[in-house]
Amino acid sequence: MNKIPLTVPSPAQVVSPRAVWAWAFYDWANSAFPTVVSTFVIAAYFAQAIAPTPAEGQAAWGWMQSLAGLAIALLSPVLGAIADAGGRRRLMLFLCTVVTAVATAGLWWAKPDPAFALWALLCAGVGTVAFETGTVFYNSMLMQVTTPDRYGRISGLAWGLGYAGGLTCLAIALLVFIQPNPALFGLDRGAAEHVRAIALLVAVWTLAFGWPLLVALPDPPRAQRPPWAGAARKGLQEVGAVLRTLRWRSPLTRFLVARLFYTDGLNTLFAFGAIYAAGVFAFTVEDILLFGIAINVTAGLGAAGFGLIEDRIGSKRTVVIALACIVAVGIGLLMATTILAFWLLALALGIFFGPAQAASRALMAKMAPESEASAYFGLFALSGRVTGFLGPAVLAAVTTATGSQRAGMATVVVFLGLGLALLLGVREAPPQDAIAA
């Protein structure tokens, strides 16, 4: 395989507490978007207040997530490879961060009327694509800030900070925007301005807290970076070279295929959990915020706790344990008929969200060659999004066909179970073995 010249410092060159904390703290900044917009507030607001009915809202949100997933699948590997070849990881992460914030701010104009459904879906879709694409560059920077023997701990630390950031943002949204009546700042509750203003909070939050990483891990000097056209050409060559190294029998390929299914299930669960709670258990916006805060507490504890032991028990084993528990508890959630049972099972489920994702990131960092980190993390994003349209589409189709949100959510367990079954046959291997035929 033809190697693209390395354009970023190796872990041995850049290992400092400042870089580690700057990288980990970015999770605090960007977790507000998936927590508030994609999961607990805006998604539920769309289904309850903008869409004609909650079931139609769940279906429409599902089709939007499907289209966004397709765009992410197409863009992530190519842009990741271009970032590798051009030495522009920080710049491209900055651009993605800004687009995410601007698209999120646009949700302020999504009034509680079906006439604004398309605008809300467009803003949420663009924000989702920018957010997910940005994680390609962010995740690949893990290899710049620490050494392989600490990937699990640092990735878990970052994921724990991410949950703490989402929790803090949700708490501010609840205490400042949702609970006060009359609303603060002259916001009109009748026009749902107290809910829509939370989108502005997330936009400011993302920009305000995202800057330390962009300062701590600069791109190479301009003189060392090839022009954009050259970087694009080399990036496309790198994508082709990376794809040619993958073989079905390789551990890395099998891991990516397994992740394709279980991440589809996790993403669908995140995207529709609040919508499900609002429709099946009649959660109000305030209930959903309290629910989101509680889930983030258990999820943060789970991510941090498993992060402390992951490097000892192995990243793959951590993911397997987390997925098995999510499947088991998820089945119980689908059978829950009381609000108390739903709360208890959902809080237990949250413990395993973070480990399933953080350990997957650490496992990818251990198996991918450093010189092509962004390209491989592009494939990592691709594996989470190439069928990203499938989970929401199946959920939307089942929900539409049955008129039941419970039946639609049951499809999530199928994706999680299939991914878990495939992951059991993966051997955790170093980079050389991971891509060998």
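The values are calculated or read from the model by the stated rules, or taken from the named source; none is laboratory data. Keep in mind the model is a prediction, meaning the values are calculated, not measured. Positions of Cβ are backbone-derived with ideal geometry, glycine not excepted, and every protein chain shown enters the neighbour counts.
Ala282 meets the stated requirement of being out of contact with any His (no Cβ under 9 Å at 6 or more places or on another chain), in a loop (DSSP other than H, G, I, E, B) and at pLDDT 80 or above. Residues in region 39-70 that are hydroxyl-bearing (Ser, Thr, Tyr), modelled with pLDDT under 85 and surrounded by fewer than 24 Cβ atoms within 10 Å (Cβ to Cβ): Ser66 alone.
Out of region 198-211, which residues are modelled with pLDDT of 90 or more and surrounded by fewer than 19 Cβ atoms within 10 Å (Cβ to Cβ)?
We begin by selecting, within region 198-211, every residue modelled with pLDDT of 90 or more; these are 198-209.
Result: Leu200, Val204, Leu207, Ala208.
Report whether or not Thr337 is at pLDDT 85 or above, among the hydroxyl-bearing types (Ser, Thr, Tyr) and either buried (at least 22 other Cβ atoms within 10 Å of the Cβ) or assigned to a helix (DSSP H, G or I) (or both). Taking the combined requirement at face value, the residue does not satisfy it. The set of residues in region 51-65 being over 13 Å from Asn267 (Cβ atoms) and not hydrophobic (A, V, I, L, M, F, W, C) consists of Pro52, Thr53, Pro54, Glu56, Gly57, Gln58. Within region 98-138, being among the aromatic types (Phe, Trp, Tyr) and either over 22 Å from Ala47 (Cα atoms) or surrounded by 24 or more Cβ atoms within 10 Å (Cβ to Cβ) (or both) holds for Phe131, Phe137, Tyr138.
Do we have any residue at all in region 355-364 that's farther than 20 Å from Phe255 by Cα and in a helix (DSSP H, G or I)? No, there is no match, as no residue in region 355-364 is farther than 20 Å from Phe255 by Cα and in a helix (DSSP H, G or I).
Taking the condition modelled with pLDDT of 65 or more and of a type in the set (Lys, Arg), does Arg385 pass?
Numbers: modelled with pLDDT of 65 or more: no; of a type in the set (Lys, Arg): yes.
So Arg385 fails the test.
Say whether the condition of being buried (at least 20 other Cβ atoms within 10 Å of the Cβ) and within 26 Å of Arg427 (Cα to Cα) is met by at least one residue in region 278-297. No, region 278-297 contains no residue that is buried (at least 20 other Cβ atoms within 10 Å of the Cβ) and within 26 Å of Arg427 (Cα to Cα). Looking at this structure, is Phe415 in contact with a Ser or Thr (Cβ under 9 Å, 6 or more places away or on another chain), surrounded by 24 or more Cβ atoms within 10 Å (Cβ to Cβ) and modelled with pLDDT of 85 or more? Considered against the rule, which asks whether it is in contact with a Ser or Thr (Cβ under 9 Å, 6 or more places away or on another chain), surrounded by 24 or more Cβ atoms within 10 Å (Cβ to Cβ) and modelled with pLDDT of 85 or more, Phe415 comes out as yes.
Under the condition of being closer than 19 Å to Leu420 by Cα and of a type in the set (Gly, Ala, Ser), the residues counted in region 322-347 number 5. Among the residues of region 212-230, those that are modelled with pLDDT of 55 or more and assigned to a helix (DSSP H, G or I) comprise Pro212, Leu213, Leu214, Val215, Ala216, Arg222, Ala229, Gly230.
Does Tyr262 meet the test of being crowded, with 24+ Cβ neighbours inside 10 Å, closer than 20 Å to Ala324 by Cα and either of a type outside the set (Phe, Trp, Tyr) or out of contact with any strand residue (DSSP E or B) (no Cβ under 8 Å at 6 or more places or on another chain) (or both)?
Details: crowded, with 24+ Cβ neighbours inside 10 Å: yes; closer than 20 Å to Ala324 by Cα: yes; either of a type outside the set (Phe, Trp, Tyr) or out of contact with any strand residue (DSSP E or B) (no Cβ under 8 Å at 6 or more places or on another chain) (or both): yes.
It is true that Tyr262 is crowded, with 24+ Cβ neighbours inside 10 Å, closer than 20 Å to Ala324 by Cα and either of a type outside the set (Phe, Trp, Tyr) or out of contact with any strand residue (DSSP E or B) (no Cβ under 8 Å at 6 or more places or on another chain) (or both).
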